[in-house]
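First up is the structure itself, then whatever we jot down about it.
The values are calculated or read from the model by the stated rules, or taken from the named source; none is laboratory data. Please read these numbers as outputs of a predicted model, since none were measured by experiment. Note that we place each Cβ from the backbone using ideal geometry, even for glycine, and neighbour counts take in every protein chain shown. These area figures cover heavy atoms from the full protein model, side chains too; ligands, DNA and RNA do not enter into them. Shrake-Rupley method; radii C 1.70, N 1.55, O 1.52, S 1.80 Å.
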Amino acid sequence: MHLKAILFDVDGTLSDTEDAHRVAFNETFQAEGLDWRWNRDLYKRLLTVNGGVNRIRYFVDTENLDTGFDGSERDDFISRLHAKKTHRFAGFIEDGRVRLRSGVARLIRDAQGNGLRLAIATATSLSNVEKLLSSCLPSQDADAFEVFGTGERAVRKKPDPEIYLWVLEQLALPPRACIAIEDSTNGLNAARSAGIATVITTSPYTLDEDFTGAVAVVDR
Ligand code: XBP
Ligand code: MG
């Protein structure tokens, strides 16, 4: 079967966003009067937990931190904190601090020229993805994305295949008609578990991860 669609991860793949996410988390913690600080080494470890809400929750749990809330109120507190972080990160995109990786705009243009369909499969929010695409691409290229598999669409985050399975269903394509582009082992395992051949483009936080099973690994 011929290739029909490319499914793009966002963070680390379309854009080297992870350090901007880290700064957005830290600035949010500070603004909220929390003395939580994520340096690069800690953030690299925390990136094994996919999705910002899950990542904060994991940090609070493993560090045994007191949020002042219990049970569902604690979950609400973490969600509110993450929403503030998302707002802050959106400002970074607007400021031009977050850009597409080199070659991404050309790849998107070439893929369209060759009749390929385009989709997103990411843990981050729809608002982040729309803002990134509309800020960094001409509208005909940003509008070429047909399906947005974002954090809101999957309960179980990568390495679970849920988001990829949802995107395949929306495209009404079998996995063998698609290729995924990812930057992390979690992303690779999610796409492969959905049966999708996966190309890895490494990002600064994922350079030394294990990419066994990828069809190709490129480092720029
Ligand atoms: C990336 C993530 C994201 C970002 C932060 O995973 O896990 O959570 O780190 O984004 P992937 P949010 O690239 O595999 O999709 O805070 O918006 O969740
Ligand atoms: Mg990624």
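Side notes on the structure shown:
- Rg and Dmax of the chain, based on Cα coordinates, read 17.2, 55 Å.
- J(HN,Hα) series, the stretch 17-22, from Karplus relation 6.51 cos²θ - 1.76 cosθ + 1.60, nearest Hz, glycine and proline x: 8, 4, 6, 5, 4, 4
- Label reach from residue 41 (point 7 Å along Cα→C-beta): in the stretch 55-78, no amide nitrogen lies under 14 Å.
- For the chain, the share of accessible area belonging to carbon and sulfur comes to 47 percent (1.4 Å probe, ligands and nucleic acids excluded).
- With contributions of -39500 (n - 2.57) from each DSSP H run of at least four residues, the per-residue ellipticity at 222 nm computed over the chain stands at -14000 deg cm²/dmol.
- Area of residue 139 that stays accessible when all protein chains are in place (1.4 Å probe, Å², to 10): 80 Å²
- Computed lengthening from residue 87 to residue 4, 0.36 nm per intervening residue step minus Cα-Cα distance: 26.4 nm
- The stretch 94-220 shape via C-alpha gyration tensor axes, a/c threshold 1.5: rounded
- Counting only heavy atoms of the protein chains and using a 1.4 Å probe, residue 37 has close to 110 Å² of accessible surface.
- Cleavage-rule hits (trypsin sites (Lys or Arg not before Pro)) in the stretch 137-183: DSSP loop, at most 13 neighbouring Cβ within 10 angstrom: 156
- Taking Cα atoms only, the orientation of helix 71-94 departs from the longest principal axis of the chain by about 60 degrees.
- Looking at the chain, the accessible area is 49 square angstrom per residue; that uses a 1.4 Å probe and ignores ligands, DNA and RNA.
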